[in-house]
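Nothing in this text is a laboratory measurement; each read-out follows from the coordinates by a stated rule. Remember, it's a predicted structure, so these values are computed and weren't measured experimentally. Glycine gets a Cβ as well: all are built from the backbone with ideal geometry, and neighbour counts include every protein chain shown.
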Amino acid sequence: MSKQEFLDRLRRGLNGLPQEDIEERLNFYGEMIDDRMEEGLSEDEAVAEIGNVWEIISQILAETPLTKIVKEKIRPKSPVKPWVILLLILGFPLWFPLLIAVIAIVLVLYIVIWSAVIVLWAIFVSLVAVALGGVVSAAYNLAIGRALSALSVLAIGILCAGSAILIFFASLAAVKGVIWLTKKAAVGLKHMLVGKERV
């Protein structure tokens with residue numbers, strides 16, 4: 001792929017970003033290709049060494065704040081026509097409740113997911129507390145001469161400690177998973193707002 005083809009695809013992929021950001025990225029990657037060509041690579045090799053355009057676009061969108069994309073998307077490119085304003089006003093009783101409902105559903109789903117993570121951490125803390133209580137209770141029962149009770153309470157404490165270790169790793173994985181899912185959802189929303197097609 002030539003430098004110009006690469007930059008054209010990059011421009012199309014970043015079409016929904018502010019123009020100054022697009023120009024900054026195009027200049028950056030154009031200079032990067034030129035630098036590699038000065039080092040002795042051919043134009044095709046220099047472009048290939050930069051990487052896949054799709055991955056670069058995804059990375060740029062992931063780094064761009066969502067607010068910047070939304071501001072660019074809602075900024076009118078031309079004056080708003082009176083009939084558009086009239087349709088927005090007349091359609092308000094329909095589109096506004098739907099918008100609020102969609103936002104509420106997304107928010108509730110997000111809260112439910114994080115609630116499940118919080119429940120896992122609460123189970124972990126409970127198991128640790130039971131394990132520590134089992135050790136203390138076993139020591140107390142042993143001190144007053146109840147060896148069988150001490151042994152059974154200690155066994156329960158050890159079982160809870162082992163379960164706590166498993167729940168700890170499950171809780172960590174759940175937190176990482178929700179954070180990953182949140183990042184992917186944000187990048188997906190950015191892709192949707194930018195209106196980018198795979199180049």
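The distance between label points at Leu166 and Val102 comes to 4.3 nm (points 7 Å beyond Cα on the Cα→Cβ vector).
Relative contact order of segment 3-74, please, whole-number percent, based on alpha carbon pairs below 8 angstrom and at least 6 residues apart. Don't jump to the answer; show the numbers that get you there.
Working: 41 pairs, mean separation 32.8, N = 72.
In percent, rounded to a whole number, it is 46.
For Leu109 and Gln59, the FRET efficiency from 1/(1 + (r/R0)^6), where r spans their Cβ atoms and R0 equals 35 Å, is about 0.85. Note on Val135/Ala173: beta-carbon distance plugged into 1/(1 + (r/R0)^6) with R0 of 22 Å gives a FRET efficiency of 0.20.
Among the listed pairs Lys3/Lys190; Lys81/Lys190; Lys3/Lys176, those with a Cα-Cα distance over 30 Å are Lys3/Lys176. May I ask you to list the residues of segment 119-148 whose amide nitrogen lies under 13 Å from a point 7 Å from Cα along the Cα→beta-carbon direction of Ala155? Only 148 fall inside the zone, counting backbone N under 13 Å. Under the criterion of Cα pairs below 8 Å and six or more residues apart, the relative contact order for the chain equals 31 percent. Pairwise inverse Cα distances across the chain, averaged and inverted, put the Kirkwood hydrodynamic radius at 22.5 Å.
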